[in-house]
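Worksheet for the structure shown next.
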Amino acid sequence: MTTQQFDTCTLDNGLRVVVQSMPGMQSAALTLMIPAGSVYDPDGKAGTTAILSEIFSRGAGDLSARELSSAFDNIGLQRSVSGGVGYVTVSAATTADRILDAVPLIAKMLLKPHITPENFAPSRELVHQALNAMEDEPKQRLGQYLRRCSYPTPFSNPSEGTMEDLPNVSIADVQSHFDSLIIPNDAVLGIAGNVDSAEIQQALADAFGSWKPGTPRQLIAGAVTPSPMHIEHDSAQTHIGLAWDTVPYIHDRYFEAWATVSLLSGGMSSRLFTEVREKRGLCYAISASINTQKEMARVFGYAGTTNERAQETLEVMVAEIRRIHECITEDELQRCKARAKSTLIMQQESTMSRSSSLARDTLFIGRVRGLQEIRDMLDALTVDQVRDFAIEYAPKSMVLVTIGPESLDTTCVS
Amino acid sequence: MQFHKHTFPNGLQVIAELNPAVYSVAAGFFVRTGSRDETEEVSGVSHFLEHMAFKGNDKYSADDVNRIFDEIGANYNASTGEEVTMYYAAVLPEYLDPAMELLAILMRPSLLQADFDMEKNVILEEIGMYDDQPSFTAYDTIMATHFANHPLGQSILGTKESITALTSEQMRRYHAERYTASNMTLAVTGNTDFESLIAIIEKYCCDIPSGVCDRALPEVKPVNSVRLLTRESSVQQHIMQMGIAPKGTDKRRFAAELLSVIVGDDCGSRLFWELVDPGYVEAADLGYNEYDGAGTWMTYLSCMPDEVEKNLARMQNVFDEVNRNGVTVEELEQAKNKVASRIVLRGERPMGRLTSLGANWVYRGEYNDVADDLQIVRGLSLQDMTELLQVFPIVMNTTVGVGPRKELEAGRVPA
């Protein structure tokens, strides 16, 4: 019932294509990831990727913005282009019978955008407005600062850009970002759904064959913004962000890292939820999750709580993180595994989530991990391994960022 | 895809859309109760009760409930709205029995004083969290304003004051009145067979007490008004507007859904081209919301505070134009394609089907499969859109703002 088949091929220009045929489905979805995210924004020009991502939908080749939009809507294509930290990602989905019509349109959008002054100005304005809106959402702002204080440059570059840099970004910067980074060399395209693998591969080769390769750029890690950091904000809650180092998805011990974080925050029986929310009623929202880039990864923890309870919330969170290696039980680990397995299987019901897994796996580890392989890896994981990992990778110090009316005593994180 | 229904002697209705080709099964209790069914003294009790449902009973403690849901790898949660409180779990088929046992326990929790006191803190934190989200504050305020003196205007979360004053005795009374079997629908979608499903439900749900309860459906009579909540530290101005649209039982609701896509979808709509594409606003959209005995057009606008009047005027022009001249054949076809592909994609997951299956039954006692929904959408004509606009033009009665502005220039907003 859960057999999977993956077909992979590499076009002459280097674009890797992975197809998963899912005959029971009515839809098909596509995810194209290109290493061209904000980590590549030029120094002092944060927001370059964000502006380029806005421009993609504003016409392509011989099609005006409205014509392109109509062409997509005529085939019911849900689509988005998002400029993330590492990648520019194109996601699209529609009914399976229309995906072949979608492919050449998507290729046109990506390869022949209208990077013109008429499109540049409103695109930059939209990025500006999105930054404004983020100012009013403390939880979102917190994420940006936490990244800055926990990753070295340029891995800490915000995908949203910054207010300071935005006026410095020119149309030439955007054009140069497009020319040098929107290249097929290290890009991956995943398609999942009710598709004929050979037919879709041919369509992709036809549509993306003319994409010219370039020279992939190397990144050099720089400095990390110091923390703890407090940002004063007239908010009802104090928003607490914690970060510490862990191993990325490509690492041999990633599943041990995953299990460690899952003990903390996977499900409502997890330690943070139980200790901070259920036993003490300190907050509504609390979480911890792994943020993995290709080369490095961090755990990001979050809690939002009213100001008078913020200090206690921080201290309980930190104590739980520090004692994560203590008293891990077999049952506790089993629960993490059960949740992961069930999520994996339910993914098979969504072409969108499958296509993005295909692309991500291929980018990070060079191939797709099948359902059975992941199940085997989960089954093989023992309490001892997880405890050893938790001890070996215990955070020596944690990054702390808070947003709220008052700063907190930060002794507990140092 | 097979549809089944069954009513138990206590009045509990079970509806199921079963499909052996999927990997999971989802089940959800749709309780016909929410903030509109509260009195002022107990404002927020429906939502607070939804939290308390997870605190267990004599057999299972709160820790047990969380632990067992996690042991079976369930994707589970609950939500409270103005009219329906929903509790759901999606699991692999072999775990349907324990999932159903837990869901049944959620319907009859112990409501212990100690748990009540502790959870009250969590609710107050949740109120604080939403307070930091201007778009949520705007929503809460526009509902209260548009539906002034109408039950739909009552806040889902309640206020710090109402939650602080609420007693567990009041909650128990509310629970006894509203959580009766005949006021619930249990919807199930996905991979199981009906016979074993009914046997499982019979085991766990037969002692839910019977009893009838109803709700009043007064006419909505919005008084044109503008209300601003000034937040000086806010960078953007957030504006919502609301007008009258078809009720949840009105057949014109499908046309209303399509019209909202044509006029106010987040991409490729008229508002998108007039306001978002040129970079005038961060967001501008129009949605259609259906309720028991009511319906609304609702707009959301987020832009620089100084630009509000200009942008409201731009939106008004879009509405005037569509009210006057209707929509084009091309727009209608594109909207149908968009909506159809959304229906298909959402419908592939049991969890995605559960909400529309349950809501359709609770609001209308109807069952539509994905093919029925697609056929209805495909069948809508320009004539249907014109008729809708004649009775329900996009006219806003209520305007609410959250942000630095203290007042809006007169003449630019309905008042």
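Looking only at residues that are over 17 Å from B:Met100 (Cβ atoms) and of a type in the set (Ser, Thr, Tyr) in segment B:8-56, which one is surrounded by the most Cβ atoms within 10 Å (Cβ to Cβ)? Lay out the reasoning, then the answer.
From segment B:8-56, those over 17 Å from B:Met100 (Cβ atoms) are B:9, B:11, B:19-23, B:32-52, B:55; that's our starting set.
Filter once more, so that each one left must be of a type in the set (Ser, Thr, Tyr): B:23, B:33, B:35, B:39, B:43, B:46.
Working: B:Tyr23: 20, B:Thr33: 27, B:Ser35: 25, B:Thr39: 11, B:Ser43: 22, B:Ser46: 29.
Filtering segment B:8-56 for residues that are over 17 Å from B:Met100 (Cβ atoms) and of a type in the set (Ser, Thr, Tyr), the one surrounded by the most Cβ atoms within 10 Å (Cβ to Cβ) comes out as B:Ser46.
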| So A:Asp234 clears everything in (1) surrounded by fewer than 22 Cβ atoms within 10 Å (Cβ to Cβ); (2) under 30 Å from A:Leu400 (Cβ atoms); (3) within 25 Å of the chain's Cα centre (by Cα) except one condition, right? Which one? | (3)
| field | Considering residues of segment A:123-154 that are surrounded by 20 or more Cβ atoms within 10 Å (Cβ to Cβ) and either assigned to a loop (DSSP other than H, G, I, E, B) or β-branched (Val, Ile, Thr) (or both) only, the residue nearest to the other protein chains (Cβ to nearest Cβ) | value | A:Asp136
| segment B:114-155: number of residues that are part of a helix (DSSP H, G or I) and within 14 Å of chain A (Cβ to nearest Cβ) | 24
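Which one of A:Ile290, A:Ile286 is surrounded by fewer than 21 Cβ atoms within 10 Å (Cβ to Cβ), under 21 Å from A:Pro138 (Cα atoms), within 21 Å of the chain's Cα centre (by Cα) and assigned by TED's automatic domain parsing to the domain that holds A:Tyr393?
Values: A:Ile286 fails: surrounded by fewer than 21 Cβ atoms within 10 Å (Cβ to Cβ).
Going through A:Ile290, A:Ile286 in turn, just one is surrounded by fewer than 21 Cβ atoms within 10 Å (Cβ to Cβ), under 21 Å from A:Pro138 (Cα atoms), within 21 Å of the chain's Cα centre (by Cα) and assigned by TED's automatic domain parsing to the domain that holds A:Tyr393: A:Ile290.
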| query | Only one residue in B:Tyr88, B:Tyr95 is of a type in the set (Phe, Trp, Tyr), in contact with a Gly (Cβ under 6 Å, 6 or more places away or on another chain) and either within 17 Å of B:Arg67 (Cα to Cα) or modelled with pLDDT under 95 (or both), so which one is that? | reply | B:Tyr88
| remark: Subset of segment B:56-81, residues in contact (Cβ under 8 Å) with a residue 12 or more places away in the chain, farther than 29 Å from A:Glu349 by Cα and at the interface with chain A (Cβ under 9 Å from one of its Cβ atoms), comes to B:Ala62
| Pairs, please: C-beta under 7 Å, at least 6 apart or cross-chain, first residue in a helix (DSSP H, G or I) and in segment B:13-36, second among the hydroxyl-bearing types (Ser, Thr, Tyr) and surrounded by fewer than 23 Cβ atoms within 10 Å (Cβ to Cβ)? | B:Ser35/B:Ser155
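Anything in segment A:92-122 that is over 30 Å from A:Tyr302 (Cβ atoms) and not in a helix (DSSP H, G or I)? List them, or say none. First the steps, then the outcome.
Filtering segment A:92-122 down to residues over 30 Å from A:Tyr302 (Cβ atoms) leaves A:92, A:94-122.
Result: A:Ala92, A:Thr94, A:Thr95, A:Lys112, A:Pro113, A:His114, A:Ile115, A:Thr116.
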| Can you tell which of B:Cys267, B:Cys205 is within 14 Å of chain A (Cβ to nearest Cβ), hydrophobic (A, V, I, L, M, F, W, C) and either free of Cβ contacts under 8 Å to residues at least 40 places away in the same chain or on the phi < 0 side of the Ramachandran plot (or both)? | B:Cys267
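Any idea how many residues of segment A:138-170 are closer than 26 Å to A:Val247 by Cβ and either among the β-branched types (Val, Ile, Thr) or outside the structural domain of A:Pro35 (by TED's automatic domain parsing) (or both)? Even if it seems obvious, please write down each step before you answer.
In the first step, residues of segment A:138-170 are kept if they are closer than 26 Å to A:Val247 by Cβ; the result is A:142-159.
Add one more test, that the residue is either among the β-branched types (Val, Ile, Thr) or outside the structural domain of A:Pro35 (by TED's automatic domain parsing) (or both), and what stays is A:153.
Total satisfying the criteria: 1.
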| query | How about segment B:375-390: which of its residues are crowded, with 19+ Cβ neighbours inside 10 Å and in a helix (DSSP H, G or I)? | reply | B:Val377, B:Met385, B:Leu388, B:Leu389
| Do we find a residue being facing chain A (nearest Cβ under 10 Å) and buried (at least 17 other Cβ atoms within 10 Å of the Cβ) anywhere in segment B:309-329? | no
| request: Go over the candidates B:Ser260, B:Ser302 one by one and state the one that is closer than 27 Å to A:Gln78 by Cα, within 14 Å of chain A (Cβ to nearest Cβ) and either buried (at least 19 other Cβ atoms within 10 Å of the Cβ) or under 17 Å from the mean Cα position of the chain (by Cα) (or both). | output: B:Ser302
| said: Between a residue in segment B:141-157 that is among the polar types (S, T, N, Q) and any residue that is assigned to a helix (DSSP H, G or I), which pairs come within a Cβ distance under 7 Å, given they are 6 or more apart or on different chains? | reply: B:Gln154/B:Ser35; B:Gln154/B:Arg36; B:Ser155/B:Ser35; B:Ser155/B:Asp140; B:Ser155/B:Ala144
| field | Close pairs (9 angstrom Cβ cut-off, 6 or more residues apart or separate chains): at negative phi in segment A:138-155, in a loop (DSSP other than H, G, I, E, B) and charged (D, E, K, R) anywhere | value | A:Pro138/B:Asp132; A:Lys139/B:Asp132; A:Gln140/A:Glu160; A:Gln144/A:Glu160; A:Thr153/A:Asp43; A:Pro154/A:Asp41; A:Pro154/A:Asp43; A:Phe155/A:Glu295
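Restricting attention to segment B:333-371, and to residues there that are assigned to a helix (DSSP H, G or I) and basic (Lys, Arg), which single residue is farthest from the other protein chains (Cβ to nearest Cβ)?
First pass over segment B:333-371, keeping only residues assigned to a helix (DSSP H, G or I): B:333-347, B:350-364, B:370-371.
Next, only the ones that are basic (Lys, Arg) stay: B:336, B:338, B:342, B:346, B:353, B:364.
Details: B:Lys336: 8, B:Lys338: 6, B:Arg342: 7, B:Arg346: 10, B:Arg353: 10, B:Arg364: 25 Å.
Among those that are assigned to a helix (DSSP H, G or I) and basic (Lys, Arg), it is B:Arg364.
Determine whether A:Ser269 is in contact (Cβ under 8 Å) with a residue 40 or more places away in the chain, more than 20 Å from the chain's Cα centre (by Cα) and either in a strand (DSSP E or B) or within 12 Å of chain B (Cβ to nearest Cβ) (or both). Break it down into steps so the answer makes sense when it comes.
On the way: in contact (Cβ under 8 Å) with a residue 40 or more places away in the chain: yes; more than 20 Å from the chain's Cα centre (by Cα): yes; either in a strand (DSSP E or B) or within 12 Å of chain B (Cβ to nearest Cβ) (or both): yes.
Yes: the conditions hold for A:Ser269.
Quick check: is even one residue across segment A:61-70 in contact with an Asp or Glu (Cβ under 8 Å, 6 or more places away or on another chain) and assigned by TED's automatic domain parsing to the domain that holds A:Lys108?
Kept after step one, since they are in contact with an Asp or Glu (Cβ under 8 Å, 6 or more places away or on another chain), are these residues of segment A:61-70: A:65, A:70.
Add one more test, that the residue is assigned by TED's automatic domain parsing to the domain that holds A:Lys108, and what stays is A:65, A:70.
Checked segment A:61-70: at least one residue is in contact with an Asp or Glu (Cβ under 8 Å, 6 or more places away or on another chain) and assigned by TED's automatic domain parsing to the domain that holds A:Lys108.
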| Unique residue being polar (S, T, N, Q) and buried (at least 23 other Cβ atoms within 10 Å of the Cβ) when the list is A:Thr116, A:Thr8, A:Thr31 | A:Thr31
| Test set (1) under 30 Å from B:Gln236 (Cα atoms); (2) touching a residue at least 60 places away in the same chain (Cβ under 8 Å); (3) of a type outside the set (D, E, K, R) - A:Ser197 fails condition number | (1)
| request: Among what's in segment A:72-91 and is at the interface with chain B (Cβ under 10 Å from one of its Cβ atoms) and not charged (D, E, K, R), pick the residue that is surrounded by the most Cβ atoms within 10 Å (Cβ to Cβ). | output: A:Phe72
| task | Considering each of B:Thr164, B:Thr185, B:Thr189 in turn, give the residue that is surrounded by 21 or more Cβ atoms within 10 Å (Cβ to Cβ) and more than 30 Å from B:Ile244 (Cβ to Cβ). | result | B:Thr189
| message | Yes or no: segment A:42-51 includes at least one residue that is surrounded by fewer than 23 Cβ atoms within 10 Å (Cβ to Cβ) and either in contact with a strand residue (DSSP E or B) (Cβ under 9 Å, 6 or more places away or on another chain) or outside any loop (DSSP other than H, G, I, E, B) (or both). | response | no
| message | Would you confirm whether or not segment B:49-56 contains a residue that is at pLDDT 95 or above and part of a loop (DSSP other than H, G, I, E, B)? | response | no
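Regarding A:Ala338, is this residue of a type in the set (A, V, I, L, M, F, W, C), under 21 Å from the mean Cα position of the chain (by Cα) and either over 21 Å from B:Ile72 (Cβ atoms) or assigned to a helix (DSSP H, G or I) (or both)? Don't jump to the end; show me each part of the working.
Values: of a type in the set (A, V, I, L, M, F, W, C): yes; under 21 Å from the mean Cα position of the chain (by Cα): no; either over 21 Å from B:Ile72 (Cβ atoms) or assigned to a helix (DSSP H, G or I) (or both): yes.
In short, no.
The values are calculated or read from the model by the stated rules, or taken from the named source; none is laboratory data. What you see is a predicted model, and the numbers here were worked out from it, not measured in a lab. Cβ coordinates were reconstructed from backbone atoms using ideal geometry, including for glycine residues, and neighbour counts include every protein chain displayed.
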